[in-house]
Amino acid sequence: MMQLQETTTQKNSLFNAMNSFIGAVKNMDQTILLPSLLRDVPLDEDSQMSSLKSEEEEGDMYSYYQLLKSIRGEIEWGVRHGTSDETRKESMKVTRSHSSMSMSSLSSASSEEEDEIEDENLQSQFQYHLTGLQMVLSKLTDQANSLTKRYKKELGIGGWGQ
């Protein structure tokens with residue numbers, strides 16, 4: 001009985017979402033043997049893929065193939081150094097502002113109440129970002145699967161490997 005409960009809980013886990021995305025991108029990578037065939041193929045035809053378009057950038061299937069592979073690499077190996085340096089600088093700014101706020105709150109009489117509020121705030125922030133990350137990974141998984149199907153359709157091999 002306990003095993004059944006764990007599997008339904010695991011279905012919604014972050015690890016499962018990451019593994020699904022990584023698996024979809026690996027499948028996409030193994031299916032798409034000639035990524036250059038994706039160049040200049042518009043995303044318009046597929047509703048899943050057209051949601052990838054931004055208002056400023058048109059893009060083609062090849063650019064999104066590269067994007068999905070890049071995101072997979074960042075999940076598997078971590079964020080690249082250039083990006084992580086910028087992220088570190090931003091987080092240091094946030095940490096400094098929080099630490100200065102924390103120092104002033106220590107001098108106040110209601111510091112215990114503020115700590116409780118801050119802990120609740122951290123928990124809600126964590127839940128918010130975790131939910132967002134799971135939704136984004138789910139959408140990216142769908143888009144990787146859609147790109148793979150579209151590639152097969154373009155080559156006329158829709159029923160292969162099913």
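The values are calculated or read from the model by the stated rules, or taken from the named source; none is laboratory data. Everything numeric here is computed off the predicted structure, so don't read it as measured data. So basically every Cβ, Gly included, is an ideal-geometry build from the backbone, and we count neighbours across all protein chains shown. For the accessible areas, the whole protein counts, side chains as well, though only heavy atoms, and no ligand, DNA or RNA atoms are used. Shrake-Rupley method; radii C 1.70, N 1.55, O 1.52, S 1.80 Å.
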Taking the stretch 18-37 as the search range and keeping residues that are of a type in the set (A, V, I, L, M) and open to solvent by less than 50 Å² (accessible area, probe 1.4 Å), which one is nearest to Gly132 (Cα to Cα)?
Met18
Does His129 satisfy the criteria of being modelled with pLDDT of 55 or more and surrounded by fewer than 10 Cβ atoms within 10 Å (Cβ to Cβ)?
no
